[in-house]
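Undergrad: Below you will find the structure I want to go over with you.
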Amino acid sequence: MRQIILQMGLFSFLFSCNGQNDQLKDRYKDFTPVDQLTEKDAPKLPPAYTSIKKALKEPEKVLYLDLSSQKLSKVPDGLGQFKNLQYLNLRNNKFSELPPEIAQLDKLIQLDIAYNDNLKSLPTEFDKITKLQVLDMSGTSIGSIPKFVFKCHEFKELIANGASLTELPKEIGDLENLERIWLGFNKIKTIPQEIGNLKKLWWFHANHNEFEILPNEFGQLSSLTDLNLSYNKLTSLPAEFGNLKKLQTLDLYENYIKTLPTEFGNLQNLSWVQLIDNELTSLPDEIKNLKKLTYITVQRNKIPESEQKRLQNLMTNVTIDFAAQFQTMK
């Protein structure tokens, strides 16, 4: 399924790479914002209706209804008539509530309610929704992942950046088809053990939270390729972290990590690593086993010059950025 929601987190991430890894950017070239689609791309998407009035003239033809950024305070009446609706975009309006009739849209697979700041809850009727695959609830005040999500067995992507979340419930492990999770800018303290059940998960971004530890089961994410846990409170990584054999990009910017486990050297597909603003004094010898590693930045750690030279000799084909170490010693 081609994504038609504009996922700002992804593009911000790619921009932050700043040309350091062009291969990384190429991996996401198919994620195109709706407003940037070319005529060549357009036939791949259902036609978007941006007027409820026009859509109601031919409700059976409406697959994609886009009411985003229209300064609406109330969802227009008539949504229940769109029996074939698959994509509903209500983002960036002024909604404080949503109509229960959305639950009648039994073909709905993608729902975007992001950036409705005053939206604090969803209708109880939403418990009837079972076929949703993508939910974007970023920038709302809902405060928890809606329970109906855990009944959607084909659910693939949860986008909940800045959604006032304080918990990632254990039921997340029930979503066996989940591929991508976005949880940035929340106040989540723990990741449940059940996270290890997500065998199809390849994207996990949970920057700017309050994680102090990762459960051992995190190492069971056998499909994980992209991980961002920057701006958390991690002090270490479990040995099982080395089981993430498909991991390619890792961002641990601004944590409190003092050492990396020797098993870090088992991350055979790792190519890009960011460890800025941690408390590292060295890196394990096993890091030399990372044959695909091309770039690692360890700025603002506590790595002495002698260790810097050793690592440069150990990884001659890797760009290592040591700039501005704290309290370094010769």
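The values are calculated or read from the model by the stated rules, or taken from the named source; none is laboratory data. What you see is a predicted model; the values in this text were computed from it and never measured. Quick reminder, even Gly has a Cβ in these numbers, built from the backbone with ideal geometry, and neighbours come from all protein chains shown.
Undergrad: Could you list all residues from region 183-193 that are buried (at least 19 other Cβ atoms within 10 Å of the Cβ) and not aromatic (Phe, Trp, Tyr)?
TA: The answer is 183, 184, 186, 191.
Undergrad: Say we look at region 134-171 and pick out the residues that are among the β-branched types (Val, Ile, Thr) and over 14 Å from the mean Cα position of the chain (by Cα); which of these is nearest to residue 232 (Cα to Cα)?
TA: Here the residue is 166.
Undergrad: What's the total number of residues in region 308-322 that are free of Cβ contacts under 8 Å to residues at least 24 places away in the same chain and either of a type in the set (Phe, Trp, Tyr) or in a helix (DSSP H, G or I) (or both)?
TA: The total comes to 5.
Undergrad: Which pairs have Cβ atoms under 7 Å, sit 6 or more apart or on different chains, and link a residue in region 212-226 that is within 23 Å of residue 254 (Cα to Cα) and in contact (Cβ under 8 Å) with a residue 24 or more places away in the chain to one that is assigned to a loop (DSSP other than H, G, I, E, B) and among the aromatic types (Phe, Trp, Tyr)?
TA: That search, which allows pairs on different chains as well, returns 225/202; 226/202.
Residue-wise test of (1) surrounded by fewer than 17 Cβ atoms within 10 Å (Cβ to Cβ); (2) at pLDDT 95 or above; (3) under 19 Å from residue 202 (Cα atoms).
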| site | (1), (2), (3) |
| --- | --- |
| 120 | yes, yes, no |
| 128 | yes, no, no |
| 137 | no, yes, no |
| 157 | no, yes, yes |
| 163 | no, yes, no |
| 166 | yes, yes, no |
| 171 | yes, yes, yes |
| 177 | yes, yes, yes |
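Undergrad: Having 2 or more residues that are of a type in the set (Ser, Thr, Tyr) and modelled with pLDDT under 95 is the bar; report the helices (runs of 4 or more DSSP H) wholly within region 1-97 that clear it.
TA: 8-17
Undergrad: When you scan region 117-144, how many residues do you find that are touching a residue at least 40 places away in the same chain (Cβ under 8 Å) and part of a loop (DSSP other than H, G, I, E, B)?
TA: Qualifying residue count for the region: 2.
Undergrad: How many residues does region 98-116 contain that are in a loop (DSSP other than H, G, I, E, B) and over 19 Å from residue 69 (Cα atoms)?
TA: 5
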